[in-house]
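Notes for the one structure printed next.
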Amino acid sequence: EKVARKKAIVEATKYAIEIPFKVMETAYQSMEVNKAMVEIGNPNSVTDAGVGALCARTAVMGAFMNVKINCKDLDDSEYVDDILKRGAEIQLKAQELEQEITKITESKI
């Protein structure tokens, strides 16, 4: 019974990590759409797309905080190291893309 309980806790913890990780991925993908909107979209909505990118970057960072806090209680170091590495990469790419989108947005105002 203890083994089954421990296994269930590990699975639930991994699920609690994977949900915000998927939020990170989805939010980052939305930033790519925001970039296209800023570059080739309606000039009158360029700031809307720019603000959307800011919000999406915030979603990436907030979701990564949730990933990290849920990882701290998991003993599977290989899984934790992998998800934290991938999360850090997404967060860095989101920050870089946000800066790029902001520059483009500012140039069109």
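FYI, it's all coordinate maths here, none of it is from the lab. These numbers come from a predicted model, not from an experiment. Please note: Cβ atoms are built from the backbone with ideal geometry, for glycine as well, and neighbour counts cover all protein chains shown.
With the convex hull built on the Cα atoms of segment 2-108, state its orientation-averaged projected area in nm².
In nm², the orientation-averaged hull projection of segment 2-108 is 6.6.
To the nearest 0.05, what FRET efficiency results for I19 and L92 with a Förster distance of 25 Å applied to their C-beta separation?
0.75
For labels at N44 and S107 in the simple 7 Å Cα→Cβ model, what's the distance in nm?
Each label point is offset 7 Å from its Cα along the Cβ direction, giving 2.4 nm.
How large is ³J(HN,Hα) for each residue in segment 84-94, as worked out from phi by the Karplus curve 6.51 cos²θ - 1.76 cosθ + 1.60 (θ = phi - 60°), to whole Hz, x for Gly and Pro?
Once rounded to whole Hz, the list reads 5, 5, 5, x, 5, 5, 5, 4, 5, 4, 5.
What ranking of Y15, Y28 emerges when the number of other C-beta atoms within 10 Å of each C-beta is taken as an exposure proxy, fewest first?
Neighbour counts put them in this order, fewest first: Y15, Y28.
Which residues does the label zone of E100 cover in segment 34-62, counting backbone N under 12 Å from a point 7 Å along Cα→Cβ?
Only 34-36, 39 pass the distance filter.
Short version: ³J(HN,Hα) in whole Hz for each residue of segment 58-72, in order, from phi by Karplus 6.51 cos²θ - 1.76 cosθ + 1.60 (θ = phi - 60°), x for Gly and Pro, what are they?
These are the phi-based 3J(HN,Hα) values: 4, 4, 4, 5, x, 5, 5, 4, 5, 4, 5, 5, 6, 6, 5 Hz.
Of G87, G50, G41, which is the most mobile in a GNM of the chain whose springs link Cα atoms less than 10 angstrom apart?
Its mean-square fluctuation being the largest, the pick is G41.
So which of K6/K68; K6/K93; K7/K85; K2/K85; K2/K72 end up more than 28 Å apart, counting from Cα to Cα?
Over 28 Å apart, Cα to Cα: K6/K93; K2/K85.
Which value, in debye to the nearest 20, describes the size of the charge dipole of the chain about its Cα centre when Lys and Arg Cβ atoms bear +1, Asp and Glu Cβ atoms bear -1, and nothing else is charged?
Computed charge dipole of the chain: roughly 260 debye.
Per 0.36 nm of contour for each residue apart, how much would the distance between V51 and Q29 grow if the chain were fully extended, relative to their Cα-Cα spacing?
6.4 nm
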